[in-house]
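Reading through the structure tokens given below for one structure.
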Amino acid sequence: MKETLLKMKEEALAALAAPDADLEALRIRYLGKKGELTAVLRGMGKLSAEERPVIGQIANEVREAIENELTARAQQQKTAALAARLAAEKLDVTVPGTVPEIGHIHPLDRVQRDMEEIFIGMGFDIVEGPEVEYDYYNFQALNIPPDHPARDTQDTFYITDNILLRSQTSPVQARTMEKRKPPIRIISPGRVYRSDAMDATHSPLFHQMEGLVVDKNVTMGDLKGTLEMFAKKMFGEETKVRFRPHHFPFTEPSAEVDVSCFACGGKGCRLCKGEGWIEILGAGMVHPNVLRMCGIDPDEYSGFAFGMGVERVTMLKYHIDDIRHLYENDVRFLSQF
């Protein structure tokens, strides 16, 4: 039995010394309830009274040796595992950090902010109004009679006979003139809705920016000077403005306004279709009927108004050929801005 115990000790220590030793399995094998040491000790009942203390002492020494080696090897494995982990997770604090990519301002927002800054610099206030509007403010207060084609249900999103999704931001002008006394100098950017099929240049939802000035002795020359200043700030100092006669129910006289092509300098190119000029907005002197309906005396005050599409200005400024790019949220497109 003594030889068996000593041999067991030698085998156990050799097994524990192996680099890949499974410590828990070896503990169970030698020291468990059904382990080899327990099996040997069960045979101590057959020994004589003189042999039992001797074998018992040897058995205790064997158990202690195996337990000590198990503890030592467990600590070694723990230390080795920690060292391997630290080596694998080593950080070089001198390496520059990775800057997270931030989002981009949408080109529509960027252009609208630029437009607002230009007009704020000329003394305009920003005024907003409801997108769900009364028929009165969207049409009647703007001198658009009931039989006008713009009231057609094919062009306007009606909610009821008297309520609709505004088709322009001009209702904000009418509301402002009702509440304020001249002098008035405002712009009103916002979303508008028209029953248009989606294609490269049309959308049922788009953005407009209207402008309004009402004061004593306001002339067409003031309108031209304001729009020239806007065009130069928006498209470049060499930009020129051209007025062409037109008709709008809420202005008289009315004009469509072109700017000289900022891509070719007016020589003619693909952007301006060879004409050297690009249409950007409509404008005119506020119709006396509009002033009168809003409680302003047209014999004492005059004014001008203009309106432009933010999408159109954006497409021209960045040479975008399809309005749908502005709404498809394609990161490849948006990341260019």
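Against the 2.2 N^0.38 Å scaling, with N counting residues, where does the range 1-149 land? I'd like the Cα-based Rg ratio to two decimal places.
On the way: Rg = 43.1 Å, N = 149, 2.2 N^0.38 = 14.7 Å.
Relative to the 2.2 N^0.38 Å estimate, the range 1-149 comes out at 2.92.
Considering every Cα-Cα pair within the range 2-88, what fraction, in whole percent, is farther apart than 18 Å? Walk me through the numbers on the way to the answer.
Details: 1814 of 3741 pairs.
Counting every Cα pair in the range 2-88, those more than 18 Å apart make up 48 percent.
Relative contact order of the chain: 14 percent, from C-alpha pairs under 8 Å at least 6 residues apart in sequence. Scanning the chain for cysteines with no neighbouring cysteine C-beta under 4.7 angstrom from their C-beta gives Cys294.
By its C-alpha gyration tensor, with a ≥ b ≥ c as the square roots of the eigenvalues, how is the range 217-316 shaped: rounded for a/c under 1.5, else prolate for a/b larger than b/c, else oblate?
Working: a/c = 2.70, a/b = 2.32, b/c = 1.17.
It is prolate, given that a/c is not under 1.5 and a/b is the larger ratio.
If you wrap the Cα atoms of the range 165-220 in a convex hull and average its projected area over all directions, you get 4.9 nm².
Helix 107-121 and the long axis of the chain differ in direction by around 50°, with both axes built from C-alpha atoms. Applied to the range 251-262, the Karplus parametrisation 6.51 cos²θ - 1.76 cosθ + 1.60 on θ = phi - 60° returns per-residue 3J(HN,Hα) values of 9, 7, x, 10, 8, 9, 10, 10, 10, 5, 4, 7 Hz, with x for Gly and Pro. Peptides 311-320, 163-172, 28-37, ordered by how many other C-beta atoms sit within 10 Å of their residues on average, highest first, read 163-172, 311-320, 28-37. Pull out a ≥ b ≥ c, the square roots of the eigenvalues of the alpha-carbon gyration tensor of the chain, then state rounded if a/c is under 1.5, prolate if not and a/b is larger than b/c, and oblate in the remaining case. Judged from the Cα gyration tensor, the chain comes out prolate (a/c at least 1.5, a/b above b/c).
Let me check I've understood the local charge: for Ser302, count other residues with C-beta under 14 angstrom from its C-beta, Lys and Arg +1, Asp and Glu -1. What total comes out? Numbers along the way, then the final one.
Details: positive: Arg185, Lys216, Arg292; negative: Asp215, Asp222, Glu252, Asp297, Asp299, Glu300.
Computed value for this residue: -3.
Angle check, please: helix 170-179 long axis (alpha carbons) against the longest principal axis of the chain (alpha carbons), in degrees 0 to 90, nearest 10. Approximately 70 degrees, to the nearest 10.
Please list 212-218, 256-262 highest first by mean number of surrounding beta-carbon atoms within 10 Å per residue.
Values: 212-218: 17.7, 256-262: 21.6.
Ranked from most to least packed, the peptides come out as 256-262, 212-218.
Just to verify a number: FRET efficiency for Asp222 and Thr98, C-beta to C-beta distance, R0 = 56 Å, to 0.05? Before the final figure, lay out the partial values.
Working: r = 54 Å, r/R0 = 0.96.
After rounding to 0.05, the efficiency reads 0.55.
Going down the list Lys2/Lys33; Lys2/Lys78; Lys233/Lys273, which pairs span over 26 Å between their C-alpha atoms? Please report the intermediate quantities before stating the final value.
Working: Lys2/Lys33 20 Å; Lys2/Lys78 34 Å; Lys233/Lys273 23 Å.
Exceeds cut-off: Lys2/Lys78.
For a straight C-alpha distance cut-off of 16 angstrom, the aspartates and glutamates reachable from Lys216 (same-chain residues fewer than eight places away being disregarded) are Asp297, Asp299, Glu300.
May I ask which residue of Ile184, Val313, Val214 lies farthest towards the positive end of the charge dipole of the chain, with charges of +1 (Lys, Arg) and -1 (Asp, Glu) on Cβ and the Cα centre as origin? Value computed over the given set: Val313. The length gained on full extension between Thr4 and Lys34, counted as 0.36 nm times the residue separation minus their Cα-Cα distance, comes to 9.2 nm. Taking θ as phi - 60° and the Karplus parameters 6.51, -1.76 and 1.60, the scalar couplings of the range 66-71 work out to 5, 5, 4, 5, 4, 4 Hz in sequence order, x denoting glycine and proline.
Bear in mind these aren't lab numbers, they're just calculated from the coordinates by the rules spelled out. What you see is a predicted model; the values in this text were computed from it and never measured. Neighbour counts are summed over all protein chains in view; Cβ atoms, including those assigned to glycine, are modelled from backbone coordinates with ideal geometry.
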